[in-house]
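Everything on this sheet refers to the single structure shown next.
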Amino acid sequence: MSRALSQPLVLWGLLVGDALLGATPASALTWFKQLRAQAVERVGVLTVPTTRDEDWRFTDVSPIAMLSFQPARNTSGQTLVDIAGFMLPEVAARLVFVDGVYAPQLSRNDSGIVVANLADAVLAHASEIEAQLARHADFQDSVFSALNTAFLHDGAVVLIPRGVRLEKPVHVLYLATREAAASYPRCLLIAGAGSAATLIEDYRSLSEVAYLTNAVTEMALAQDAHIKHVRVQRESGVAFHIGQCVVSAAKASRYESVSIAQGARISRYGLNVQLCAGAECTADGLALIDGEQLADTHTTIDHAAPDGRSRQLHKCIVGGTAHAVFNGKVMVRRGAQHTDSAQASRNLLLSPRARIDTKPQLEIFADDVKCAHGATVGQLDADEVFYLRSRGLSEQAARDLLTFAFGAEVIERIPVAALREQLKAQALAYTHH
Amino acid sequence: MIVNDSKTLLAVRGLRANVNGIEILKGMELTVKAGEVHAIMGPNGSGKSTFAKVLAGHPAYEVTGGSVEFGGADLMTLAPEARARAGLFLGFQYPIEIPGVANSQFLRLAYNTVLTQRGQEELDPLEFDDFVREKMKLLEMNPDFLSRSVTEGFSGGEKKRNEILQMALLDPRLAILDETDSGLDIDALRVVAGGVNQLSRPDNAVVLVTHYQRLLNYIVPDYVHVMDAGRIVKTGGKELALELETRGYEWESHPVATSPAPASA
């Protein structure tokens, strides 16, 4: 059943847009206005995908379309004390968005580079942003991406100049606070030639209420740039999360990502990485879900040119009647010789009613390539359980520890120690009965 | 060492066990008393490792007959963890890897679980750290073992040393070491054997399951048993191992001399 989005939602987007554009000289932001107008037009045409669409066959998003979520106009006045538990130590910069709205009082930037709110940066860095914003995340065919683009206003902008290597990570915190709110987080990272940085995107909530997050992240890596990206989706357990990240990796650049999905009633994350000649990526993921959750991860690693290298380890731990979906597409285009790609999908079912659908998908149009992939779905290994029991652990404790360890293998790959330890502690609590 | 009138720790009588419906153990007999070191040797497929796993309670093996008493209790009625807590330790031929779990964390968990069972106080991380470092010195282990994930990226020798470290921490009454010598170079073998020797006391016992004689150059057994087709077919002193080494297991299939009385008499 397809369903066009409700008209009021679209009108709302235009209202918010006017607020931004009204304050600036009209001519300076013509491109921005046009971009959003195009997206609004697409929103009017596109329909919400149904399970009849191949890409969405396991993920029924009709509950999202049926509820009416309204964007927030302002932040709810949180203070640093309110968000103390959500901060990470030793970051170069922190941007906080509350229900999608930029919260300057909670943000700071000691990085020496541009880490700013889109609504501000779009004026000061217009040409750089214009060249990349919405150039990677297509909104012609995706209603969610079109909606996000139609609502373009606040968002994270990270501009890393050529040759600059940030030691400490940039932390972008998207905090949900209100029931029935819709937020459209946007992030644009532009990495100059030979630059390096680590970006953490963390989606969290202050309370267990239902809301919608519809996020889009775009990254443009110039030659030899090296970006590490950690994405942690720990929304409220009754929330909806649709996220998309599109990365363009220029010659000899490197994109390394770890994404964790443990929150939301229904979540969908799409990662799309395009690799130019000699570019590398790792795209690791962990879905740790229980109860009635659904976590869907769709990734596409597109080897568009020769000598690219990609590595992917995706794991799902599924309990209760939860359902995890992984679709991992690896594309090797004509002429992308000497591509070296390996993908592994490892899945652990903790209950008889849990479900996993995993689909590695290789599309290879070059003949001199190395592409490995494998998928396993199973339960805990009996020999491993026995080993731990022979050391005195009860059967339950042994199972819990092994379940934790299964997930920890992905968490261990997070390059930020504080976040890694925090997530390991969460996973430990989650897996221990 | 053989001590007169010492307590019987383990008494195995007519033990039979199946895996996947195939009988592997066909009437095992073994008695181990406190203070003793036993070696069980035998060709591949003779049932040595199965015997070790059955004693520790591996759920894949079905016990179909016989009895095993451990410290006076019926071992076969206990869950694997209860056997461990009662003081039985199995050193694995292939210790598992637990990525993401620091070795120190795992060792402390195992240690505290067993200690609590024995009515002793748990150690907090700091106390445990002191305690474990002392034991590690004994095994010439690098302190970085503690921060690394359990056996992940460990070499074969490191994995086995880690097994012996666990044994040192859990302080079992009976340790069964399953092919602990396999895959070890001479240095690692010496260290592992040295650890076992240091841990041997008059009130505990060790059963070494091994294919080769060379481990017995470093740990001198009081008894050597030869297993074949699921039973012990010959028992002797340490010289039996040397004989096996020079003449091979084939020799055993054609016995010329009468079998000596089992040590378990």
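The values are calculated or read from the model by the stated rules, or taken from the named source; none is laboratory data. Given the structure is predicted, the values throughout are model-derived calculations rather than measurements. Neighbour counts are summed over all protein chains in view; Cβ atoms, including those assigned to glycine, are modelled from backbone coordinates with ideal geometry.
Output yes when any residue across region B:82-89 is under 16 Å from the mean Cα position of the chain (by Cα), surrounded by 19 or more Cβ atoms within 10 Å (Cβ to Cβ) and among the aromatic types (Phe, Trp, Tyr), and no when none is.
yes
Residue check, A:Val216 against (1) farther than 20 Å from A:Gln274 by Cα; (2) modelled with pLDDT of 95 or more; (3) among the β-branched types (Val, Ile, Thr), all met but one. Which one?
Exception for A:Val216: condition (1).
When you scan region B:111-128, do you find a residue that is outside any helix (DSSP H, G or I) and aromatic (Phe, Trp, Tyr), even just one?
For region B:111-128, residues outside any helix (DSSP H, G or I) and aromatic (Phe, Trp, Tyr): absent.
This table checks each residue for (1) over 16 Å from A:Val230 (Cα atoms); (2) surrounded by 24 or more Cβ atoms within 10 Å (Cβ to Cβ); (3) assigned by TED's automatic domain parsing to the domain that holds A:Cys245.
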| site | (1), (2), (3) |
| --- | --- |
| A:Cys281 | no, yes, no |
| A:Asp284 | no, no, no |
| A:Gly291 | yes, no, no |
| A:Thr297 | no, yes, no |
| A:His303 | yes, yes, no |
| A:Pro306 | yes, no, no |
| A:Ile317 | yes, yes, no |
| A:Ala322 | yes, yes, no |
| A:Asn327 | yes, no, no |
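What residue, of B:Thr64, B:Thr77, is under 18 Å from A:Gly392 (Cα atoms), surrounded by fewer than 16 Cβ atoms within 10 Å (Cβ to Cβ), polar (S, T, N, Q) and more than 10 Å from every other protein chain (Cβ to nearest Cβ)?
B:Thr77
Go through region B:139-148 and give me each residue that's touching a residue at least 40 places away in the same chain (Cβ under 8 Å) and surrounded by fewer than 16 Cβ atoms within 10 Å (Cβ to Cβ).
Within region B:139-148, B:Glu140, B:Ser147 meet the criteria.
Please work out if B:Phe70 is away from chain A (no Cβ under 12 Å), buried (at least 21 other Cβ atoms within 10 Å of the Cβ), in contact (Cβ under 8 Å) with a residue 60 or more places away in the chain and of a type in the set (A, V, I, L, M, F, W, C).
When the stated conditions are applied, B:Phe70 passes them.
Within region A:247-268, count every residue that is buried (at least 24 other Cβ atoms within 10 Å of the Cβ) and within 24 Å of A:Ser62 (Cβ to Cβ).
Residues flagged as buried (at least 24 other Cβ atoms within 10 Å of the Cβ) and within 24 Å of A:Ser62 (Cβ to Cβ) within region A:247-268 amount to 5.
In region B:27-42, is there at least one residue being more than 17 Å from the chain's Cα centre (by Cα), more than 14 Å from chain A (Cβ to nearest Cβ) and at pLDDT 95 or above?
Yes; the residues of region B:27-42 include at least one that is more than 17 Å from the chain's Cα centre (by Cα), more than 14 Å from chain A (Cβ to nearest Cβ) and at pLDDT 95 or above.
Need the failing condition index for A:Ala324 against (1) of a type in the set (A, V, I, L, M); (2) under 22 Å from A:Ser236 (Cβ atoms); (3) not in a strand (DSSP E or B), just the number.
Just one mismatch for A:Ala324, condition (3).
Taking region A:357-413 on its own, how many of its residues are free of Cβ contacts under 8 Å to residues at least 60 places away in the same chain, among the small types (Gly, Ala, Ser) and facing another protein chain (nearest Cβ under 10 Å)?
Of the residues in region A:357-413, 8 are free of Cβ contacts under 8 Å to residues at least 60 places away in the same chain, among the small types (Gly, Ala, Ser) and facing another protein chain (nearest Cβ under 10 Å).
If the requirement is being in contact with a Ser or Thr (Cβ under 8 Å, 6 or more places away or on another chain) and part of a strand (DSSP E or B), which of these qualifies: A:Thr198, A:Thr213?
Sole residue among the options that is in contact with a Ser or Thr (Cβ under 8 Å, 6 or more places away or on another chain) and part of a strand (DSSP E or B): A:Thr213.
Quick check on this structure: which one of A:Ser253, A:Ser236, A:Ser257 is in contact with a Ser or Thr (Cβ under 6 Å, 6 or more places away or on another chain), farther than 20 Å from A:Phe139 by Cα and at pLDDT 95 or above?
The unique qualifying residue is A:Ser236.
State whether the residues of region B:149-159 include one that is surrounded by fewer than 17 Cβ atoms within 10 Å (Cβ to Cβ) and of a type in the set (A, V, I, L, M, F, W, C).
No: zero hits.
Which condition number does A:Leu428 fail, the rest of (1) more than 8 Å from chain B (Cβ to nearest Cβ); (2) modelled with pLDDT of 90 or more being met?
It fails just one condition, (2).
Say we look at region B:109-129 and pick out the residues that are acidic (Asp, Glu) and either under 30 Å from A:Val410 (Cβ atoms) or within 14 Å of chain A (Cβ to nearest Cβ) (or both); which of these is surrounded by the fewest Cβ atoms within 10 Å (Cβ to Cβ)?
Out of the qualifying residues, it is B:Asp124.
Among the strands (runs of 3 or more DSSP E) contained in region B:130-242, which hold 3 or more residues that are within 14 Å of another protein chain (Cβ to nearest Cβ)?
Correct list: B:174-178.
When you check B:Glu121 against the structure, is it on the phi > 0 side of the Ramachandran plot and of a type in the set (Asp, Glu), yes or no?
no
When you scan region A:143-162, do you find a residue that is of a type in the set (S, T, N, Q) and in contact with a Pro (Cβ under 9 Å, 6 or more places away or on another chain), even just one?
Checked against the condition, which is being of a type in the set (S, T, N, Q) and in contact with a Pro (Cβ under 9 Å, 6 or more places away or on another chain), region A:143-162 yields at least one hit.
Does region A:169-183 contain any residue that is assigned to a helix (DSSP H, G or I) and crowded, with 23+ Cβ neighbours inside 10 Å?
There is no residue in region A:169-183 that is assigned to a helix (DSSP H, G or I) and crowded, with 23+ Cβ neighbours inside 10 Å.
Could you check how many residues of region B:85-108 are facing chain A (nearest Cβ under 8 Å), at pLDDT below 90 and part of a helix (DSSP H, G or I)?
1
Looking at region B:170-187 only, could you name the residues that are surrounded by fewer than 21 Cβ atoms within 10 Å (Cβ to Cβ) and on the phi < 0 side of the Ramachandran plot?
Answer for region B:170-187, where residues must be surrounded by fewer than 21 Cβ atoms within 10 Å (Cβ to Cβ) and on the phi < 0 side of the Ramachandran plot: B:Arg173, B:Ser182, B:Asp185, B:Ile186, B:Asp187.
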